[in-house]
Amino acid sequence: MTQPHSTSEREQVVDTMIELTRLSGLHRAIIAGSSGLELYLSLRRRGFMRVSTTATCRTPKAQHAVGLISGQNSLQAMETALTEISQFLSASAAIAVLIDSRESGFSLRIRTRLEQMGFRIEAGVRCQQGFVLSAYRHGFGQMENAA
């Protein structure tokens with residue numbers, strides 16, 4: 001009986017991530033995190049064919065418009081996933097991060113890390129599985145060229 005409930009919780013997170021990043025079938029999306037394969041399969045079932053994971057994508061070429069991260073439990077694991085996924089994202093990419101930790105200050109640290117990577121926080125939505133934070137990177141290529 002708990003399986004359908006947990007499936008609906010996962011689907012709620014996927015729906016939220018799709019909405020916050022404005023993911024469409026035309027976008028290339030890259031997925032990271034310990035629940036990445038589960039998220040990948042859910043997106044494929046929904047008809048998103050241009051999705052891949054950091055493990056299956058051969059070379060990071062900053063060609064993905066959307067990044068999705070889920071399934072992290074520690075700050076270090078989350079920061080590793082952010083660093084890993086950032087090299088796959090374009091200069092004007094959107095990202096959604098599922099924060100499932102109840103640790104004090106965890107979401108603030110993730111938010112700060114995203115801002116350091118050139119993202120501007122757009123929204124945060126509370127789900128049954130945690131908190132989904134979305135951000136966009138605008139003009140990041142110009143900032144890299146100036147540095």
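The values are calculated or read from the model by the stated rules, or taken from the named source; none is laboratory data. Everything quoted here is computed from the prediction, not taken from an experiment. Glycine also receives a Cβ, built like all others from the backbone with ideal geometry; neighbour counts cover every protein chain displayed.
General remarks:
- Qualifying positions in region 41-77 - among the hydrophobic types (A, V, I, L, M, F, W, C), at pLDDT 90 or above and farther than 12 Å from residue 27 by Cβ: 41, 69
- Taking region 83-99 as the range and being buried (at least 18 other Cβ atoms within 10 Å of the Cβ) and not hydroxyl-bearing (Ser, Thr, Tyr) as the test, the residues that pass are 85, 88, 89, 93, 94, 95, 96, 97, 98, 99.
- Applying a threshold of 7 Å to beta carbon distances and a minimum spacing of six or more residues, or different chains, the list of pairs starting in region 32-48 at a residue that is in contact (Cβ under 8 Å) with a residue 40 or more places away in the chain and closer than 17 Å to residue 85 by Cβ and ending at one that is surrounded by 15 or more Cβ atoms within 10 Å (Cβ to Cβ) and of a type in the set (D, E, K, R) reads 32/84.
- Residues of region 27-44 classified as part of a helix (DSSP H, G or I), within 24 Å of residue 74 (Cα to Cα) and either in contact with a strand residue (DSSP E or B) (Cβ under 8 Å, 6 or more places away or on another chain) or of a type outside the set (A, V, I, L, M) (or both), total: 6
- Index of the failed condition, residue 36 passing every other in (1) surrounded by fewer than 22 Cβ atoms within 10 Å (Cβ to Cβ); (2) out of contact with any Leu (no Cβ under 6 Å at 6 or more places or on another chain); (3) not β-branched (Val, Ile, Thr): (1)
- Being closer than 22 Å to residue 19 by Cβ, in contact with a Leu (Cβ under 9 Å, 6 or more places away or on another chain) and part of a helix (DSSP H, G or I) holds for only one residue in 107, 134, and it is 107.
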